[in-house]
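To keep things clear, I will list the structure first and then write my remarks on it.
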Amino acid sequence: MGEPDPNGKAPGVSYRVDGLRLTVTFYGGVCEKYGLKLDESKPGTVQAKVVVREPQPAGQACAAIAKLQEVSADLKTQLEGRTVFDQNTGQELPRNQGPDEVGGPKH
C-alpha cells in the first residue's frame with residue numbers, strides 16, 4: 001500500500017484529522033498537483049480519494065520520482081469513530097497518531 005501507480009492513482013498511506021480537516025499522506029509524482037475528494041455517503045465510513053488536480057504540463061521534463069506528500073479536505077461532520085478507506089485501493093487507512101510524517105523522522 002502507498003506505492004505509486006503507473007495509471008496515475010495515488011493510494012493513501014495514512015491519515016490524520018484535526019477537527020473537520022482530514023489530511024491523507026500519500027506518495028505522488030513531484031510535477032503534479034493533487035487534491036482530496038471525500039465521500040461520506042456510507043454510514044460509518046469515509047472514502048478518501050487522492051486525485052490529480054493539475055497534471056504535469058505537456059512537454060515539461062520531470063524526474064520520474066515519487067515523494068511523500070499530503071492533501072487535505074474538510075469533512076461534513078466530525079469523524080467520530082468512522083473508518084477511513086482509500087477509494088483507490090479499497091483498503092482501510094491507518095490513523096497517523098504522531099506528528100506530521102512528511103519529511104521523514106526528526107532526530
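The values are calculated or read from the model by the stated rules, or taken from the named source; none is laboratory data. Keep in mind it's a predicted model, so treat the numbers as computed, not measured. Don't worry about glycine lacking a Cβ; one is built from the backbone with ideal geometry, like all the others, and counts go over all protein chains shown. Ligands, DNA and RNA are excluded from the accessible area calculation, which covers all protein heavy atoms including side chains. Shrake-Rupley method; radii C 1.70, N 1.55, O 1.52, S 1.80 Å.
Tallying residues that are touching a residue at least 12 places away in the same chain (Cβ under 8 Å), open to solvent by 90 Å² or more (accessible area, probe 1.4 Å) and over 23 Å from Asp18 (Cβ atoms) within segment 56-83 yields 2. Within segment 47-60, the set of residues being among the small types (Gly, Ala, Ser), part of a loop (DSSP other than H, G, I, E, B) and within 16 Å of Gly28 (Cα to Cα) is empty. The number of residues in segment 27-74 that are within 14 Å of the chain's Cα centre (by Cα) and aliphatic (A, V, I, L, M) comes to 11.
Report, by residue number, each residue of segment 84-94 that is in a strand (DSSP E or B) and either open to solvent by less than 70 Å² (accessible area, probe 1.4 Å) or modelled with pLDDT under 95 (or both). Result: Val84, Phe85, Asp86. Could you grab me the full set of residues in segment 18-37 that are of a type in the set (A, V, I, L, M, F, W, C), within 12 Å of Leu79 (Cα to Cα) and either open to solvent by 30 Å² or more (accessible area, probe 1.4 Å) or at pLDDT below 95 (or both)? The answer is Leu20, and nothing else.
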